[in-house]
Every structure is written in C-alpha cells, then in structure tokens.
Amino acid sequence: MEEREKKRSVVPFGPQHPVLPEPIHLDLVLEDEKVVDVIPSIGFIHRGLEDLVKKRDFNEYVYVAERTCGICSFGHGLGYVEAVEKCMNVEVPIRAKYLRTIWSEMARIHSHLLWAGLMADAFGFENLFYQCWRLREKNLDLVEMTTGGRLIYSVNKVGGVLKDITPDMQKVILNNLSELEAELRDVYKTFMTDYSVQERTRGVGVLTKEQVHDLGCCGPYARASGVARDIRQLGYEAYGELDFEPVVSNDGDNYARCDVRLREVFQSIDLIRQAIAKIPNGELSVPVKGNPDGEAFIRIEQPRGEAIYYVEGNGTKFLNRFRLRTPTFANIPGMCETMKGCSYADIPLLVVTIDPCISCTER
Amino acid sequence: MSAKFTPKETIRVIEKDGLLREVMAMKSRGMRLSQACASYKDGKYELSYSFSDDKTLDYETLRVVCDLADRIPSIHDFYSCASFYENEMRELFGVKIELIEPDYHNKLYRIKAETPFLPEDAKAEQKKQEQEISLSGADSDLDLAQAAADEKLASGKKEEK
Amino acid sequence: MRIAMIILYLVLAPLLGGLLDGLDRRISARMQRRVGPPVLQPFYDVQKLFAKQRIVVTNSQTFLMITYLVLMVFTGCMFYSGADMLMCFFVLSTAGIFLYFAAVVTDSPYSYIGGQRELFQEMCCEPAVLLTGVGFYLLEDTFETAKIVQADRSAIVALPGFFAAFLFILTIKMRKSPFDESTSHHPHQELVKGVTTELGASNLALFQITEWYENILMLSVIALFIINKSPWSIPAAILVVLAAYFLEILIDNTSARMKSGKMLELSWAVTIAAAGVNLLILILVR
C-alpha cells in the first residue's frame, strides 16, 4: 500500500490551461496516466451579479442578466424577463413569443457548433475545429443581421422584444440555414464515422441513466444517457405550437454526447423553419405598468441544459432576489464522476463534454 | 404535435426540523434535486430546495423559513450533488449549514468579502442571535459534530504533509 | 565527395526543413480554409526565439538541448557521409534520450509526462527503424548508405513492406496528429506542449532546428528506398519524398489524436504485418 501511495502524483489542471475555455481548477491524482481521484474547484470569476439586482431597476437588470455569459446570453435575458413577466402577470404578444423562440434556437445552433469545435480541438482534430467554427460564423451572421449583435443579442425586454425579424430577413435566414445544414451534414458524418474520432469518444466517460439522475445532470449531457427530458416540452414561448421530440441517445459516452448535440443543431434548424412558417403578425411588446411582487420559478432549456431562474419581488422597482442556476453548475458533479478511472489524455474531453460555462456558473 | 406537459409547480413551506424527512421522501419518490438557493427577506432566511420529476416535469419546491442563527442540516446524504448549492448558500448568505461534504470552507468562490449577499444590518443581527444561542447552549450536539469533522480534516491534512 | 555531402547536409538541412515546415503550415491552413502564415514564418519564429531573453528552469537544460542538437546533426552527417546505417539509427535513439532528459530535469508535470511519452514514442518507432536497416542489409549485403545508393535498382521494389512500415512511423517521428503525443504543434493538448513546455527562447529554437534536421534525415531514409545508380532516380526520390510529406499533412488534418496505448498497438501491428512479412519473403527468396 505504501508503495502505491508513492507512485501517485498530483497534476494541477487549470485554472489557466490551453484546452480550457474558462477557468476551472482540477486537482488530478494520477497513478501513471490513470486518474484515480479528482477535486474540482471553481470561484475564480465570481462577480456577484445576482446581488446587483438589488441596486438596478428591474427593467435595467435585463442587460445585466444578458451579460452573465457570452454564449448563452440570450437565454439568460429570456429567463429573467420570463420570470419577471410571470411575477407581474404580463402576457407577451404572440409575435414576440415566436421571435424569442427563433433567437433561442439561433443561440442553440451557435452554442452547439462552438462546442463541437472545442470538442474537436480537445481530441486534437484541428481541421474539424476550424470547420465547426466556420459554420458557426454563418449563424453569427444571421444573429448580427437580426439583432445587431453577435453574442449579446439585447433584444429582450420585460413585456416583449425590441426588434423584429422582417420577411426579407426571414428569407435570408431560411437560405443561409439551408447552406449551413448541407455543410453540417459532412461535419456530422466526420464526428460519427471517422475512425480516429471514434477511438477517442466511444466508451469514454460513460454515465448511466441512474447516475445522471442521482447526480442531477441536465440538458444534452443527460439526454445522451437516455433521459428524455427537454424543458422546451413545457411549451414556453412558442414551443407549445411547434413540433419536436427530445433528441436522445442511450450510450452515455462522449460519442453519444456528440451525437445528441449535433442532432440538436439539425432540430434547431427545423424549429426555426417551423417558427418562420407559423409566425403571426402583431405587436412586438406590451406596455408594463407597476412593479413586480411575489415570486416565480422559471425553467428554460438553454443550449447547455436546464437553467432555472428565480425572481422574488417586493413591490418596489428593485427585486429582492434573483437566482440563476446554470446547467454547468448541475453538470460538474457528473463530470467529476466520469473522470475517476479514466486516462489523463481523456481529461480535456471530459471537461469539454459537459460544455462548461464557468462564467455563468459563478455569475 | 409532440407531447407537451402541463406540470404542477408548487412551493410548500415546511419546518426546518422536517427538512431531512421531506428530502428523504422526495428521494424515495425518485425526484431529482434541481436546485437549492437561499434568500434573505424581512429578517429571515428563505431556503428553497427544488425538486423535479423527470417524467411529468412537475416542479416541487420545499421552502424552509428560518432565523439567521438557525442550524440547518446538510442534505448531501440523500443528494450528493447538493454540496455545491449548500456551500454557495453558506458562503454568500451565511446560512449555517452543517456538515457539508465536501466542505469548501467558504472558499467555493474565491472572494474576500464574507457573506456578501447578506445586508450589513442582518450580519450584526446574526451575530447577536448566535451569541444568545451559545449562551443558552442549544444545538451543542451539532456543534460537537462539526468540531469533530473539522478536527478529522485537520489531522488528515497533517498526515498528507 | 563525402566531405561535400556533409557540408551540404549541414547547410541545406535546416533551410529545407524550415521551408518544408513553412509549406506544411501553409497547406494545413488551406485545408482548414484559412489563409495561413507566410512560407518563411518558421525562420522568423526561430529568429525571434533567439532574440528573446533566455530564462531557463535549470541550467543543465541548455546543455542537454545542445547535446540533442549535436547528436542529431552528427547522425545526419554520418548518414550522408555514407557510413553504417545501423550506427546512425542507434545514435539517433541516443539523441532522443537527451530530449527526454531535458524534459524531465524540470519540475513541470506536463513536461515530465511528455518526456515519458517521448520514450514511449521511441519504443513504437524503434522496431520499424531497425527492421528498415535489416531490410537494406538483406537486399544489398551492406549497412553502408554509400553502397546502397549505388545499387542496380531501387530498394523499394524488393522492400515495399519496409517502406510502408517506415512511412507509418514517420508520423510518430514528425510528431504529427494522430500521434502527436509527447508534444503537439499547437498547445491545445492535455499536456500543453508536452516535452517542450518548459523550453523557451533559444532552447526552443534549438529544438525547432533539431526537428528540421531530424525531419530531413527521416525523409532522406525515404529517399534511400528510391535512389539507385541511375541519376534519374534522384528527381524521382524528391517527388516521392514530397508526396510522403504531403501524405503526412493530409493525415494530420484528417485525424484526431490517438491515445498512447493505441499508438503502440497500431505501430507494432503495421510494422510486424508489413515489414515482417516482407522480411520473411526476402529470407525465403535468398
């Protein structure tokens, strides 16, 4: 036993490490190249954004909520305004709901393609990484055209949206998405059938359905383990009127997670098409009077998984509490579980595979 | 049209002594711990433990309203993933949650300020209440347990060195 | 003649190596739909590295890196002077050991694990490299490169299996994906930059130059399979070498990084299947 203890070495992984997009620190206990234990720690970029809600007017705070994170920015803004609207019993115009749905799905395409690139980079496939990010650029162009921003959309407000997607824009969106879809099929094929990619993803980091449940994982990470749970099925915004099924895979390994996320991009493209076909004419927003009172929980399916927004008002224009539970927060325990017993070379993949967004996790 | 859900969303206020029992009931019903958070309202903590049913997407929140100096047991025995939430509640709001595993000792977030989300007047109130409790000697068994846990950790660290 | 060859190697190898490296980056960039850096970029990089302030973790590292370079150059000189090929390969392995030492004298875990993987890579390459020497010996009855190039016909005709095995391990030797285990050409790897993590400034420049010498030497072995006494074989050899290099770039851009266990499995399997079978046939024919 003594002998074995000696062979162990602790490799610090992060908070600054080239494969990590954001700061998370892992102390990896290694025996040769096998990981026997992992101690995660976060907390490098906590900004106390939740507390800021006490000092900012609830209308202003939308812009703070949006800046929680760069990738899921739209979702955070959406979750926050939905929670406030629920508190205040505001019914948003139907056109605004459709527009929010379209932008949500664009954010999902963006996030998943970005992730696919990072994943390719994590297993050392530089070319694939560039292809994914090139496709992401096409989607970013659409976002820029419709909102004026590329990452921070800033189109939500309490009571509706600020910008419209005109019929001309809709044509461009449909056209560009078709191009994107065609090219994405090649990328998808590479992820699914390339020998060297499968060598790195198949059977790596397996989580069973039960483990996923016990560890509280969510989103595509859970769906890759066979949990058919997609919060969009709650039918918030316009999702209730669109036709879709959760994308599920049963293997629970890295391969399944690639599969689920990439298929979700196709699903998002389909949802945008459906939404554009059905979008009614009408107002973009309704005027909002008074201040929020009471409390509300809102769940939203962010690209990374289920995000929870909790708002507690006190009748003034400042909220008493805003709470944001991000999907990464829920997925970190799952990540640590998959790392035990894996080889050191798999660590970057296992970190990237939860699609970590530490910035919004720490808020 | 795909399957849509119309889940029940409830918030149920429970006693702090009944927390572990209620959480155990949730666990046995196969609910997933969705989130846990604290908030400070009118001189009291409101702790919300939300559970979600994966099949029906029902959302049930257990709400514990407690005084600033009240000791709250950790629920990590039932939900191992709860420790992150509990560490966060303790660090940001100063909720007295006991025996969290793993315990980050208020260093989950590497910030200098102590309990930054708690207003200044509440911090003073919390100290006052704590002193009263320590004078009356209540909750001593929990204190002892926490002290034992801390000692074990400290001795473990020495051995490592 | 021999002296002339040695001097040519000393001068031209880093130039050609750097140029090929530049072309490599450019072609890779085009495969990834980028513009890519200027072809002379590797030279600019090395120039800049030399101009930087030298800060080392341990002073012995500089000595070890210089030894690594000198041994590598020495191997190349022996090869081009027409000396014993087997000797060349042994000195080449020795050079690799010095890189390993340079990596493990530092305290960095990345560098340390990188060093271990470097040894592992050597182990994967060695059978194919040694068998290549054996193959040439069986065919020409000599280990001396000077005599091998005077053969009546190209060695590849009789040694296709050895050629294939050598081509396979060339990926490992050039540290290209899927086998960029010990260090990768871009630092997005779990080991950051592996063996080269703790190398900086002039030491990193030395590593770069050594790599150029090594690449040229490896490509020269490829050329040795083609060259015979006819002068026409020389342009043919150059073409084959360029094709091999292009193949490496193509493989680099179409595959993910393998894990070390898989690398051992694949490299030995290919070596035994291709070179081994070829060897048996050679022995039977003799």
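The values are calculated or read from the model by the stated rules, or taken from the named source; none is laboratory data. Values in this document were obtained by computation on a predicted structure and should not be read as measured data. Because the Cβ atoms are built from the backbone with ideal geometry, glycine has one as well, and the counts that use them run over all protein chains shown.
At-a-glance table
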| quantity | calculated |
| --- | --- |
| Residue under evaluation residue C:25, criteria (1) in contact (Cβ under 8 Å) with a residue 12 or more places away in the chain; (2) away from chain A (no Cβ under 14 Å); (3) part of a helix (DSSP H, G or I), criterion not met | (2) |
| Every residue from segment C:239-265 that is surrounded by fewer than 19 Cβ atoms within 10 Å (Cβ to Cβ) and under 19 Å from residue C:126 (Cα atoms) | C:261, C:262, C:264, C:265 |
| Qualifying residue in segment A:56-72 (condition: in contact (Cβ under 8 Å) with a residue 40 or more places away in the chain, assigned to a helix (DSSP H, G or I) and within 14 Å of chain B (Cβ to nearest Cβ)) | no |
| All positions within segment C:83-141 that are within 14 Å of chain A (Cβ to nearest Cβ), in contact with an Asp or Glu (Cβ under 7 Å, 6 or more places away or on another chain) and small (Gly, Ala, Ser) | C:108, C:111 |
| Positions within segment A:114-132 being in a helix (DSSP H, G or I) and facing another protein chain (nearest Cβ under 7 Å), in sequence order | A:121, A:126, A:127, A:130 |
| Close pairs from segment B:98-110: first within 12 Å of chain A (Cβ to nearest Cβ), partner surrounded by 15 or more Cβ atoms within 10 Å (Cβ to Cβ) and basic (Lys, Arg), Cβ under 7 Å, at least 6 apart | B:106/B:90 |
| Which listed residue, of C:202, C:184, C:233, C:220, is among the small types (Gly, Ala, Ser) and within 23 Å of residue A:199 (Cα to Cα) | C:184 |
| Only listed residue being more than 8 Å from chain A (Cβ to nearest Cβ) and surrounded by 21 or more Cβ atoms within 10 Å (Cβ to Cβ), chosen from B:69, B:36 | B:36 |
| Matching entry among B:27, B:55 (being part of a loop (DSSP other than H, G, I, E, B) and farther than 14 Å from residue A:310 by Cβ) | B:55 |
| The lone exception for residue C:216 - which of (1) assigned to a helix (DSSP H, G or I); (2) over 20 Å from residue C:249 (Cβ atoms); (3) in contact with a helix residue (DSSP H, G or I) (Cβ under 6 Å, 6 or more places away or on another chain) it fails | (2) |
| Residue under evaluation residue C:263, criteria (1) out of contact with any Phe, Trp or Tyr (no Cβ under 8 Å at 6 or more places or on another chain); (2) within 14 Å of chain A (Cβ to nearest Cβ), criterion not met | (1) |
| Matching residues in segment C:78-118 - criterion: being surrounded by fewer than 21 Cβ atoms within 10 Å (Cβ to Cβ), of a type in the set (S, T, N, Q) and assigned to a helix (DSSP H, G or I) | C:93, C:94, C:116 |
| Yes/no for residue A:182 being surrounded by fewer than 15 Cβ atoms within 10 Å (Cβ to Cβ) and aliphatic (A, V, I, L, M) | yes |
| Test: residue in segment C:158-170 that is within 12 Å of another protein chain (Cβ to nearest Cβ) and closer than 18 Å to residue C:257 by Cα | no |
| Number of the condition not met by residue A:43 [criteria: (1) modelled with pLDDT under 80; (2) surrounded by fewer than 21 Cβ atoms within 10 Å (Cβ to Cβ)] | (2) |
| Some residue of segment A:144-153 being among the hydroxyl-bearing types (Ser, Thr, Tyr), surrounded by fewer than 19 Cβ atoms within 10 Å (Cβ to Cβ), touching a residue at least 24 places away in the same chain (Cβ under 8 Å) and not in a helix (DSSP H, G or I) | no |
| In segment B:19-33, the residues that are surrounded by fewer than 23 Cβ atoms within 10 Å (Cβ to Cβ), free of Cβ contacts under 8 Å to residues at least 40 places away in the same chain and either of a type in the set (D, E, K, R) or within 8 Å of chain A (Cβ to nearest Cβ) (or both) | B:21, B:29, B:30 |
| Subset of segment A:313-358 that is within 21 Å of residue A:129 (Cβ to Cβ) and away from every other protein chain (no Cβ under 12 Å) - its residue that is surrounded by the most Cβ atoms within 10 Å (Cβ to Cβ) | A:353 |
| Within segment A:200-293, helices (runs of 4 or more DSSP H) holding 1 or more residues that are more than 21 Å from the chain's Cα centre (by Cα) | A:209-215, A:254-278 |
| Residues satisfying the stated conditions in segment A:9-35, i.e. surrounded by 15 or more Cβ atoms within 10 Å (Cβ to Cβ) and in contact with a Leu (Cβ under 7 Å, 6 or more places away or on another chain) | A:11, A:13, A:14, A:21, A:35 |
| Residue selected from segment B:16-32 under the condition under 13 Å from the mean Cα position of the chain (by Cα) and within 30 Å of residue A:319 (Cβ to Cβ), by the criterion modelled with the lowest pLDDT | B:16 |
| Whichever residue in segment A:62-96 is more than 19 Å from residue A:107 (Cα to Cα) and not β-branched (Val, Ile, Thr) and, among such residues, is surrounded by the most Cβ atoms within 10 Å (Cβ to Cβ) | A:83 |
| Top-ranked residue of segment C:171-201 - restricted to ones that are part of a helix (DSSP H, G or I) and among the small types (Gly, Ala, Ser), ranked as farthest from the other protein chains (Cβ to nearest Cβ) | C:201 |
| Number of the condition not met by residue A:301 [criteria: (1) within 14 Å of chain B (Cβ to nearest Cβ); (2) in a helix (DSSP H, G or I); (3) acidic (Asp, Glu)] | (2) |
| Residue in segment A:50-58 that is over 20 Å from residue B:39 (Cα atoms) and surrounded by fewer than 21 Cβ atoms within 10 Å (Cβ to Cβ) present | no |
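Residues are listed down the side, and each one gets a yes or a no for (1) of a type in the set (Phe, Trp, Tyr); (2) more than 24 Å from residue A:95 (Cα to Cα); (3) at pLDDT 85 or above; (4) crowded, with 17+ Cβ neighbours inside 10 Å:
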site: A:219; (1), (2), (3), (4): no, yes, yes, yes
site: A:246; (1), (2), (3), (4): no, yes, yes, yes
site: A:253; (1), (2), (3), (4): no, yes, yes, yes
site: A:263; (1), (2), (3), (4): no, yes, yes, yes
site: A:280; (1), (2), (3), (4): no, no, yes, no
site: A:283; (1), (2), (3), (4): no, no, no, no
site: A:295; (1), (2), (3), (4): no, yes, no, yes
site: A:298; (1), (2), (3), (4): no, no, yes, yes
site: A:303; (1), (2), (3), (4): no, no, yes, yes
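Residues are listed down the side, and each one gets a yes or a no for (1) at pLDDT below 85; (2) in contact with a Ser or Thr (Cβ under 7 Å, 6 or more places away or on another chain); (3) of a type in the set (Val, Ile, Thr):
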residue: C:21; (1), (2), (3): no, no, no
residue: C:30; (1), (2), (3): no, no, no
residue: C:51; (1), (2), (3): no, no, no
residue: C:69; (1), (2), (3): no, yes, no
residue: C:94; (1), (2), (3): no, no, yes
residue: C:119; (1), (2), (3): no, no, no
